[in-house]
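Here is the structure we will look at, set down as structure tokens.
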Amino acid sequence: MNFLYVGIDDTDSPDGMCTTFLASTIINELKANNIEITGFPRLIRLNPFARFKTRGNGGVSFKIAINDDNNSQINDIELAKEIILRNVSELSMFDCDNTNPGVVFYQGDITDEMVDYAFHAIYDIITIEEAEEFASKIGAEIHKFKKGRGIIGSIAAISCPLEDYTYELLAYRHKDKYGTLRKIDYDSVVKMDKETYPETFENIDGKYLAIEPKTPCPVLYGIRSNSPEVLEIARDIVIPNEEIVDYCIFKTNQHTDMHIQNVDKIANMKQYACYKVKGTLKDNPHVIEGGHMFFTLVDESGEIECAAYEPTKNFRKTVAKLRQGDSLELYGGIGEQNTFNIEKFQVLKLNDIVYENPICKCGKRMTSAGKGKGFKCKHCGAKGSMKYIGKKCIGEQQLSRLKETDSTGRRVHPYYVYGKVSKFRSAYRCTHCGWTKYEDSTEEYWDDENIMP
Ligand code: ATP
């Protein structure tokens, strides 16, 4: 079976449209003309640091089965191309300088060099010229609108292998509602989350409806899942308080960490790429104006400033609990400011500062006077309360609890490793002196207490 592969990218702008909606509109018109696509349309997230991205740097692709011997099929292909190009030229946000749509048609096998190109688009930066050259090398037909930058992502969306994947169901609003406040029944989303998690994920974060975009695009909500069947169940639970004109389920590389490269040392990391890297905190995390949280990560090769920016919200509270000397595995990428933007982390080892009882005025070390009773000196009989400032510690205060996990790193909240299914170790730490204690636990627990500095 041969296929016509179709890639579409760069049709939207911060003021509107969404390439997934455009693709869904096209797929509906193809269907009305008895042209079916094979499998799910795909939403492929590429390098998150691509300069001209609108939001998540996603390109869309789908495929149509063709039979070369059959004349009517050949006509279908011509009709399909006409429908696709017409919709892109009618619906794209051409007024925006940064909207430069590109459509790519490709017939043939997905070759190894195409797979390499897709990873190149996920890991690095590609120019329009490079993409154009590559298209001509593989015999792909390109259609550039304005500068046609979208061909970069369109070729990658067609070429990207999807061994690991998730699904996203997108519900689209009536166009009269674009730019207005979205109306989704909060309780129904809570119910949906309760009934379908963990097969669906990232639905809500406290009062924040994570399924709801905050841009004026046509999407009312997007539900992420490991299974398309569960998505349909979830969709039926969510109550929209406004009209939904269409739904479409995309197969996607979101939440698979495909963009993350392994790197052995900090010195080998490059700007505009995403990595998983191990290191140790050189200093305690600190907050700057605007609520951005920073610390420096070091290893034997060098150091890098790491950031949890304000939009990461509650994640910063978790970062705030880290201390100098803690060993971590961090996931994230190096952006414009040359800081490593943390997506999530796993604690490898907390910096255990050895607990020492305080030294008495007479020079001898004090001993515990009993639980909650402070310290006493066996030598001179002096007593010290918990407020006594000793050499290292004033006592064992359980002030914070960190969560570690041996999570496989998949299907997790983008900002932190979320030990929902795996066994994890809890650690208690005295925020005064840094003393820590581990405790093995299988309990599910998330400590959200506010200890932001
Ligand atoms: P949305 O997610 O809302 O669909 P977006 O964030 O995907 O929008 P686009 O408007 O599609 O943003 O713009 C991204 C642009 O970056 C496209 O032109 C795409 O071809 C291009 N692009 C994708 N990957 C790379 C890359 N690795 N290097 C350079 N350009 C890239």
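Each value in this text was obtained by applying a stated rule to the coordinates, not by laboratory testing. Remember, predicted model here, so these are calculated numbers, not experimental data. Quick reminder, even Gly has a Cβ in these numbers, built from the backbone with ideal geometry, and neighbours come from all protein chains shown.
Among Thr11, Thr38, a tally of other beta-carbon atoms within 10 Å of each Cβ gives an order, fewest to most, of Thr38, Thr11. Taking Lys and Arg as +1 and Asp and Glu as -1, the other residues whose beta-carbon sits under 13 Å from that of Asp283 total -1. For the range 24-88, with the dipole built from +1 on Lys and Arg beta-carbon atoms and -1 on Asp and Glu ones, taken about the Cα centre, which of Leu43, Phe62, Ile84 lies farthest toward the positive end? Of the listed residues, the answer is Leu43. Extending 7 Å from the Cα toward the beta-carbon at both Lys278 and Asp264 defines two label points whose distance is 1.2 nm. A full extension of the chain between Lys147 and Asn241 corresponds to an added length of 29.9 nm, given 0.36 nm per residue minus the alpha carbon distance. Rounded to the nearest 20 debye, the dipole size of the range 43-141 about its Cα centre is 560 debye, using +1 on the Cβ of Lys and Arg and -1 on the Cβ of Asp and Glu.
Could you sort the peptides 94-107, 223-236 by per-residue average Cβ neighbour count (10 Å cutoff), highest mean leading?
Peptide ranking by packing, descending: 94-107, 223-236.
Summary of the geometry: the range 246-266 and the range 17-75, compared by the centres of their Cα atoms, lie 19 Å apart. Between the range 268-303 and the range 90-112, the C-alpha centres lie 36 angstrom from each other.
Multiply the residue separation of Val190 and Asp164 by 0.36 nm, subtract the distance between their alpha-carbon atoms, and state the gained length in nm to one decimal. Show your work: numbers first, answer last.
Numbers: separation 26, 0.36 × 26 = 9.36 nm, distance 2.75 nm.
Between Val190 and Asp164, full extension yields 6.6 nm more.
Pairs exceeding 29 Å between alpha-carbon atoms, taken from Lys282/Lys383; Lys53/Lys81; Lys146/Lys313: Lys282/Lys383; Lys146/Lys313.
Placing unit charges on C-beta atoms (Lys and Arg positive, Asp and Glu negative, everything else neutral), compute the dipole magnitude of the range 144-249 about its Cα centre in debye, rounded to 20. Around 880 debye, computed over the range 144-249. For the peptides 30-36, 12-18, residues were scored by their other Cβ atoms within 10 Å and the scores averaged per peptide; the highest-first order is 12-18, 30-36.
Once you sort the root eigenvalues of the Cα gyration tensor of the range 46-88 as a ≥ b ≥ c, which label holds: rounded (a/c under 1.5), prolate (a/b larger than b/c) or oblate (the other case)?
Note, shape of the range 46-88 comes out prolate.
Taking the Cα centre of each part, how many Å lie between the range 141-176 and the range 115-137? Answer, in whole Å: 15. What does the charge add up to near Cys217, with Lys and Arg as +1, Asp and Glu as -1, over the other residues with Cβ less than 13 Å from its Cβ? Around Cys217, the charge tally is +3.
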